[in-house]
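Below is one structure, written out as structure tokens; the observations come after it.
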Amino acid sequence: SLFVAQHRSRIVGEGSEGEALTAKVLDNMQMDARVLHSVQFESGEKTRELDHVLITHSCLFVIETKYLRGRIAGAVDDREWTLHKRARKTRSRYKRGFYNPLKQVATQIYHLRSHLENRLDPRWADECRHIWIQGVVVFAHPQGDASQVVNHQHGVVQLENLQDYLRNYRPPSRAGRL
């Protein structure tokens, strides 16, 4: 079954500040949609967690928040992206790689779809196969520069553009409706 933390106060751990900022934007959207935060479910012998899920009539959005200070670089198909930073005390530059969040959200979508199809009544599971699930990666840190990776076609946005992206998103014409 799905477990949903309904309140932002339940969002804890690394990145929680970014998730709280994203939750605030989603909770204040003026659109006919349902928002869920910290959605947990079992799939592939593991507990999975989705930062946010937004359900509209035309699409289900799985939203992954990244709260990274520094400049982010990477391509859509890269296995890893790179975070370029400066140390706060010494001001020396350094970089670190992190798993491409587009690949991360694609894996989450795969497991969510699998979870729903395996646990729903067969009639609903068949309906579920036709629902368009769109992954979205949101960069939420005010001192983060994701301008090199922002790509609306692939669902990579800065927090300040999230509402416009979600309002204007149109799923492929072959997608079913909710």
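Approximating the spin labels as points 7 Å out from Cα along Cα→Cβ, the Asp77-to-Arg93 distance works out to 2.8 nm.
Extents of segment 43-125, taken as max minus min of Cα coordinates on every principal axis and listed largest first, are 59, 29, 24 Å.
Between the listed residues His115, Cys128, Val149, the Cα displaced farthest toward the positive end of the dipole of the chain, a dipole computed from Cβ unit charges relative to the Cα centre, is found at Val149.
Under a 5 Å amide H cut-off, with hydrogens placed 1.01 Å from N, His141 pairs with Leu68 among residues at least 5 apart or on other chains. Against the chain, whose longest principal axis is taken from its Cα atoms, helix 101-119 shows a tilt of about 20°.
Local charge for Gln30 was computed over the other residues whose Cβ lies under 13 Å away, with Lys and Arg +1 and Asp and Glu -1, and equals -2. Relative contact order for the chain: 23 percent, from Cα pairs under 8 Å spaced at least 6 residues apart, divided by residue count.
Using every pair of distinct Cα positions in segment 96-176, the Kirkwood expression returns a hydrodynamic radius of 14.5 angstrom.
In the chain, excluding the sites themselves, the longest stretch lacking any of the trypsin sites (Lys or Arg not before Pro) that are in a DSSP loop with at most 14 other Cβ atoms within 10 Å is 1-68.
If Lys and Arg each add +1 and Asp and Glu each add -1, what is the summed charge of the other residues whose beta carbon sits under 15 Å from the beta carbon of Trp81? Net local charge, Trp81 excluded: +3. Against the main long axis of the alpha-carbon atoms of the chain, helix 16-27 sits at an angle near 50°.
Averaged over its residues, segment 67-178 has an accessible area of 61 Å² per residue, based on protein heavy atoms and a 1.4 Å probe.
Would you tally the net charge around Gln104, using a Cβ to Cβ cut-off of less than 13 Å, leaving Gln104 out, and scoring K and R as +1, D and E as -1?
Residues near Gln104 contribute -1 overall.
When every Cα-Cα distance of the chain is counted in 5 angstrom steps from zero, the calculated P(r) takes the values 1, 8, 16, 20, 20, 16, 10, 5, 2, 1, 1, 0, 0 percent. Hydrodynamic estimate: the Kirkwood radius of segment 11-62 over Cα pairs, inserted into Stokes-Einstein at 20 °C and 1.002 mPa s, corresponds to D of 179 µm²/s.
The values are calculated or read from the model by the stated rules, or taken from the named source; none is laboratory data. Model, not experiment: these values are computed from the prediction. Counting neighbours? That spans all protein chains shown, and the Cβs are built from the backbone with ideal geometry, glycine included. Remember, those area values only see protein heavy atoms, side chains included, never the ligands or the DNA or RNA. Shrake-Rupley method; radii C 1.70, N 1.55, O 1.52, S 1.80 Å.
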